[in-house]
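The values are calculated or read from the model by the stated rules, or taken from the named source; none is laboratory data. Please read all numbers here as calculations on a predicted model, not as lab measurements. For neighbour counting, all protein chains shown are included, and Cβ atoms are generated from backbone atoms with ideal geometry for every residue, glycine included. Note: accessible area is taken over every heavy atom of the protein model, side chains too, but ligands, DNA and RNA are not part of it. Shrake-Rupley method; radii C 1.70, N 1.55, O 1.52, S 1.80 Å.
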Amino acid sequence: MLESDIRSIFKCVRCGACRSVCPVFEEIGWESSGARGRMLVALGVSQGLDVSSSVFESLNTCTTCGLCRQICPAGADPTGVVENLRHQLVLKGKMTDSQFNLHKKITSSSNSLGEVLDRKMWLGERINEVGKTADYVYFVGCLGAYRYPEIAALTFDLLKQFDVTLLPYEVCCGSPLIRTGFDADDLIAHNIEQIRIVGAHTVITGCAGCYNTLKNDYPKMFDVMHVSEFLSEHLSDLKLKRLELTVTYHDGCHLGRCNGVLEAPREVIKAICNLKEMKTNGENARCCGGGGGVRSGYPALSLLLAKKRLAEVPEGIDYIVTSCPLCLKNLTEGGSDTDVIDLVELVAFAMEQ
Amino acid sequence: MEIIKELQYIVGSKLVTTEPSELYCYSSDASQILGMPEYVVRPENTEQVSRILKLTNKHGIAVTPRGAGTGLAGGAVALSGGVVLDLSGMNRILEVDIDNLQVAVEPGVVHAKLNEALKPHGFFFPPDPGSSDMCTLGGLIANRGSGMRSVKYGTIKNYVLDLEVVMANGTVINTGSRTLKSSAGYDLTALMVGSEGTLGVITKALMKIHPLPKSRIVLLASFEDAEMAGRAVVKVIAGGIVPSACEILDRMTIEVLNAYDLKTPLPDAETILLFEVDGTESGVQEEAEMVKSICRSFVSSIRIAADEKEIDEIWTARRLVGAAISRLDPQMTRVYVGEDIGVPIKEIPNMLKRLSSISEKSGLKIMTYGHIGDGNLHTGMCIDVFDEEQWKRLNQAADEIHRTALMLGGTVSAEHGIGSARGEYMRLERGLALGVIAAVKHALDPKGILNPGKLGI
């Protein structure tokens, strides 16, 4: 293990503050399923503790939501330690079947879903409206391209009026690989080359995972914006009409808490309708359970986490709005009584005909 | 039958483990004490606890009860292997009885959750540990804990009316009753409070609750040195004012708190006293004026916190300051040793002076903060945990802090407990009474299975 990780583990004074916020610990209840326990497991591994299936369960059930890091009074970074240890173990060839399969799927199909179809099918007739070069490029993401084509289309329709284009051959940003301990160098190199071809100085994404990865795991060669940030800067151009709706907003962890994109989506929502916050929100928002490889590795746990998040939805709202397709998917499948929609869908409702 | 099979039979296979990585997670609390259990069991009810103790007593297997493992003295660490009994899953609030001003809880209820549940009724549970968000009530009771409000509201011992306790042989008893007072024989409730799991396992607690005060005011008083602050506290209390909190923060603590992003930074001072007075609106105004006027001849400045928001912010940051000290320097980690002394309040200025000379002698900065109104001072020391020599100086300083407190007629632990971290001082502090403590322990747990190696016995 890296010395910086060992130092980070020793920052933890084992006060247990993270027990009160870790959503996974709340479900599982064993010490190893919370941030403090994971720090201890990491310490144990550094001291020769056998890397058993329980060690993987401790490390891999972390959604990397970062709430423990956010509230840690001692300034420790359990999320970083978990991600780094996953990486160290993968480097030694130690991983779960689920991790192995995810890696195989992504490296063979260049998307996180193992889809073999054309990534741009969602474009349909719009294929002719895609510019070859532009300053701004919309990074669609795997979920946008394959699971939420209508949201991808709405987003592109909104952005293209501002001369935003697409990458000629986009592949997965690498987020699922990096969060589960793998390198994503090939995917990153491919996407960088695509961005270079388009000549864009800014990449716009509608996904929290893509945003986090493009911003923090790619070389600092371009700016990264979330769709909400781009839209909030162009509110006056959008000619939005006011809707008699009240919505709540779910912050994707990797967008809000981890990267500070908190105000932009709220500005867009407030320009359209009323916003009623969830019980925890902003940088303290509870995780939907979708991230960090938990959705693919521990689907039942992931849905339990989604249900807990849904229990924080306030009364009397028309929609749950989010800015991340993975959150949208997880909250929907978690059994939301209220429709969960993407921010661009709300914007589309409010666009003057 | 194998022990593991029997444990699985009692609680179900999902609630017992011998998995090395899980045992590793249960091998420590927030202290420096380590001990590897052989089994961790998470019982869900009293009957299961009783059956587990019958089993372990029969086989002479050690049992270490544990709440959230937030203790600072190794109380929940298994020193003799055996079973760690993780009670944090027994976390139901069983009854909120407003008419009788009582609440019944299971031991795993987290302190803050109880106050959340009481707030809508206009009530609260006054003992107020810094670890409120994570510590369990069972642990708080077993360590006779308290917190910032004990100067006015007392410690947890003033609130427990009755405990359901599983004794070493599995017998389930109740120690008290629903009445506010009782003369019916030995006060077994008081015996169990602070017994650190050495006499029985608490499975239920009936406790008094208190109406929320209508109003409160917090005063921030700055002093040129800690001794002046100590003198001011003695004067305020002697002046007939019982603050609901009276906290001291030294320069280093102030720096840590200000690094915690307080919206309104604390004043730049050597020492700050935070006085809180609560009660009726007119009462708190009058008391705040009195505190101001008594402090006038000691302070360099004094002001009243602007509003409830600032008060909440100050107290939230204060609760977490113990761990937050590690933020000052990325190479340094807070180590909890010698952190919980208590002295008679008139000795506070003296103790503060001696702490500063211990700091000078050891070459270690000692952050001092705590519940000065009841004589309880927390000392915080930070070291580079990779430096053996700093560990040596740290432990020497802690030893000196403990011995100094005892010399001044104080205690080595005012609210965190003895565990095994402070066991060696029990003879010094309790003298011949330690023999009586050992005799009680032997009478109730003849095989010595309950949390062995704690309390210096």
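Annotations
- Inside segment B:149-162, residues that are open to solvent by less than 10 Å² (accessible area, probe 1.4 Å) and over 10 Å from the mean Cα position of the chain (by Cα) make up a count of 0.
- Output for segment A:14-35, where each listed residue is open to solvent by 10 Å² or more (accessible area, probe 1.4 Å) and either among the aromatic types (Phe, Trp, Tyr) or more than 7 Å from every other protein chain (Cβ to nearest Cβ) (or both): A:CYS18, A:VAL21, A:CYS22, A:PHE25, A:GLU26, A:GLU27, A:ILE28, A:TRP30
- Criterion applied to A:ASP97, A:ASP50 was being within 14 Å of chain B (Cβ to nearest Cβ) and either out of contact with any helix residue (DSSP H, G or I) (no Cβ under 8 Å at 6 or more places or on another chain) or surrounded by fewer than 18 Cβ atoms within 10 Å (Cβ to Cβ) (or both), and the one residue passing it is A:ASP50.
- Test: B:ILE457 is touching a helix residue (DSSP H, G or I) at 6+ places or on another chain (Cβ under 8 Å) and open to solvent by less than 60 Å² (accessible area, probe 1.4 Å): no
- Exactly one residue among B:ILE241, B:ILE311, B:ILE325 is of a type in the set (A, V, I, L, M, F, W, C) and crowded, with 20+ Cβ neighbours inside 10 Å, and that residue is B:ILE325.
- Residue satisfying condition, being more than 30 Å from A:SER58 (Cα to Cα), crowded, with 18+ Cβ neighbours inside 10 Å and either in contact with a Lys or Arg (Cβ under 8 Å, 6 or more places away or on another chain) or of a type outside the set (Asp, Glu) (or both), within set A:HIS226, A:HIS250: A:HIS226
- Qualifying residue in segment B:331-345 (condition: over 30 Å from B:TYR425 (Cβ atoms) and not hydroxyl-bearing (Ser, Thr, Tyr)): yes
- Any hit, segment B:407-425, residues being without any contact (Cβ under 8 Å) to a residue 60 or more places away in the chain and farther than 30 Å from B:VAL166 by Cα: yes
- Counting residues in segment A:184-198 that are closer than 28 Å to A:THR332 by Cα and open to solvent by less than 40 Å² (accessible area, probe 1.4 Å) gives zero.
- In the set B:LEU408, B:LEU377, B:LEU394, only one residue is buried (at least 21 other Cβ atoms within 10 Å of the Cβ), of a type outside the set (Phe, Trp, Tyr) and closer than 21 Å to B:MET228 by Cβ; that residue is B:LEU377.
Each row is one residue, and each column tells you yes or no for (1) over 18 Å from A:VAL41 (Cβ atoms); (2) buried (at least 24 other Cβ atoms within 10 Å of the Cβ).
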position: A:SER54; (1), (2): no, no
position: A:THR63; (1), (2): no, yes
position: A:CYS68; (1), (2): no, yes
position: A:PRO73; (1), (2): yes, no
position: A:GLY80; (1), (2): no, no
position: A:LEU85; (1), (2): no, yes
position: A:LEU89; (1), (2): no, no
position: A:LYS92; (1), (2): no, no
position: A:LEU102; (1), (2): yes, no
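- B:SER326 closer than 25 Å to B:VAL236 by Cα and either facing chain A (nearest Cβ under 9 Å) or part of a loop (DSSP other than H, G, I, E, B) (or both): no
- Count of segment A:99-127 residues which are modelled with pLDDT under 95 and under 20 Å from A:PHE56 (Cα atoms): 0
- Residues within segment B:10-66 that are assigned to a loop (DSSP other than H, G, I, E, B) and without any contact (Cβ under 8 Å) to a residue 12 or more places away in the chain, tallied: 2
- Selection from segment A:1-13 of residues that are assigned to a helix (DSSP H, G or I), at the interface with another protein chain (Cβ under 8 Å from one of its Cβ atoms) and open to solvent by less than 30 Å² (accessible area, probe 1.4 Å): A:LYS11
- Residues in segment B:7-45 that are away from chain A (no Cβ under 11 Å), farther than 21 Å from B:GLY448 by Cα and open to solvent by 30 Å² or more (accessible area, probe 1.4 Å): B:GLN8, B:TYR9, B:SER13, B:ASN45.
- Any pair with Cβ under 8 angstrom, 6 or more apart, that starts in segment A:5-25 at a residue that is under 13 Å from A:CYS68 (Cβ atoms) and ends at one that is assigned to a loop (DSSP other than H, G, I, E, B) and charged (D, E, K, R): A:SER8/A:ASP77; A:LYS11/A:ASP77; A:ARG14/B:ASP29; A:ALA17/B:ASP133; A:SER20/B:ASP133; A:PRO23/A:ARG286
- Boolean, A:ALA264 is at pLDDT 95 or above, part of a helix (DSSP H, G or I) and not acidic (Asp, Glu): yes
- Residue check for A:LEU304: over 24 Å from A:THR213 (Cα atoms), open to solvent by 10 Å² or more (accessible area, probe 1.4 Å), part of a helix (DSSP H, G or I) and not assigned by TED's automatic domain parsing to the domain that holds A:ASP157: yes
- Single match in B:ALA306, B:ALA269 (criterion: open to solvent by 40 Å² or more (accessible area, probe 1.4 Å) and either touching a residue at least 60 places away in the same chain (Cβ under 8 Å) or not in a helix (DSSP H, G or I) (or both)): B:ALA306
- Unmet requirement for B:ILE457, which otherwise passes all of (1) under 29 Å from B:ARG318 (Cα atoms); (2) more than 18 Å from the chain's Cα centre (by Cα): (1)
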